[in-house]
Ligand code: NAD
């Protein structure tokens, strides 16, 4: 796959009702390659009118188009076909995504190669959505439940793993029988458009999957629309709260995957090399731009020098450069706005007394690069320890006892993930129970799968993606009572 092919993408169109349409306003917006700093493609810049069109299309496909009442077998066939097309094009799609968001091509290749599994898994789950026959305590009645698709889903994605985080929503929603309007981030619209081409090729009926491109105003219009039944959002906590408020006006159901400030907790009885490796993976992989980044390192004081020494030594060898070069370990941050935020937070922490163990704002190549940065001499209440940076910045806090480690780990408004490094099985289980986080890894970090629920406590969100839990987010339960005798009942007594 050459860059020439990537440049030929004619993407200034949105995918609505199975048609490729420009924004109603005619406006287009550039998408910038974070490595070169230059626009590399243009997309339609959608607004309220385009949101209206896309929701109408999804509504029609659900209510009249037959998708809402289609068989699970039919939906599963299409989802499997789509998974196969993604597998066929994985390398090409990885190149496009790497170009659009600056993440390593080798990471994007792995992500796209794995992505079909979400469609295969939910294809398999589609015909296992079952209601129940209830033991009725009413004489001469049967009660039963049916699980029905919720309806029209709006999925809004961020820029850090654009396609993956969108597919976490699309696969279970479509398997459940919902129709979908996708809005990718304005920074990384390319992969959603490419996905729409594959939906088209797979033969999904018009309006079942729609893609609109644009910024926050477009997202807001989608979330304000009372015809939407579910909003599934991944992004910042701030925008997540705004979406929850907008949804409240229409009582639209929301699934929110938001930010994090996850601890990596290292005990003296760990394997120091494995722990150091996991800490590096947790905060410097993907340039720290993952919601689950292990951005708070908590280390038992007795192994502080040994483990931190290994982490600093490894961090200093991280190679920054072209995301498409296989020797690169860390690409640039994804956009200029994010670069300003990350470097600003480092400066602020240094001004408050943090000490640079390595990295820092001046220690990186030109462009949107931020060097792997480790900050010591921080206190638990400092902004850099409490707020999400979403960049390659690690803070280090020592502790002496397990109780202190739990207290520090839970001293956050977030609760997305945690890593625990110990070879003591008793402690591992105690800690897994005590830490308030949606995912806990023992002697590992940053592992996710289609069948393992993922989501957060507190300000990290509500609801769960992946696994059986995710399909439930897109279903409604209906209870059906059936009278067995045909007798006329007294209308003024209950039941
Ligand atoms: P963001 O919240 O700024 O934007 C996310 C999306 O929301 C974009 O598509 C944007 O256009 C849209 N949007 C913005 N304002 C809106 C509004 N008022 N109504 C509707 N839509 C609106 O987030 P970002 O900067 O793209 O992504 C980074 C954030 O995402 C980080 O905070 C990170 O932690 C979080 N994130 C969370 C997870 C998770 O699974 N928990 C995964 C990845 C990223």
Between residue 114 and residue 301, what FRET efficiency comes out of the Förster formula 1/(1 + (r/R0)^6) with R0 = 30 Å and r the beta carbon distance, rounded to 0.05?
0.20
Hey, what did the stretch 263-442 get for relative contact order, percent, Cα under 8 Å, at least 6 apart?
28 percent
If I take every Cα pair under 8 Å that is 6 or more residues apart in the chain, average their sequence separation and divide by the length, what percent do I get for the relative contact order?
17 percent
Kindly identify the stretch 303-349 as rounded, prolate or oblate by the Cα gyration tensor criterion: order the square roots of the eigenvalues as a ≥ b ≥ c, call it rounded if a/c is under 1.5, otherwise compare a/b with b/c, prolate if a/b is larger, else oblate.
oblate
Output needed for the stretch 263-442: three equivalent-ellipsoid semi-axes, defined as square roots of 5 times the C-alpha gyration tensor eigenvalues, in descending order, whole Å.
26, 17, 15
The alpha-carbon pair-distance distribution computed for the stretch 44-160, with 5 angstrom bins and whole-percent values, is 2, 9, 11, 13, 15, 16, 14, 8, 4, 3, 2, 2, 1, 0
More than 34 Å apart - percent of Cα-Cα pairs taken over the chain:
39 percent
Arrange the peptides 13-21, 171-179, 309-317 so that the one whose residues have, on average, the most other Cβ atoms within 10 Å appears first.
171-179, 13-21, 309-317
Between the alpha carbon centres of the stretch 403-448 and the stretch 85-101 the gap in Å comes to 34 Å
With a cut-off of 8 Å between alpha carbons and a minimum separation of six or more residues, what is the relative contact order of the stretch 248-363 in percent?
23 percent
What fraction of the DSSP beta bridges in the chain is antiparallel, stated in percent and rounded to the nearest 5?
40 percent
By Cβ neighbour count within 10 Å, fewest first, 122, 445 rank 445, 122
222 nm [θ] for the chain, helices only, -39500 (n - 2.57) per DSSP H run of 4+, per residue, to 500?
-12000 deg cm²/dmol
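Every read-out reported here was derived from the displayed coordinates using simple, explicitly stated rules and does not represent laboratory data. Just so it is clear, the model here is predicted, and its values are computed rather than measured. FYI the Cβ positions are ideal-geometry reconstructions off the backbone, even for glycines, and counts take in every protein chain you see.
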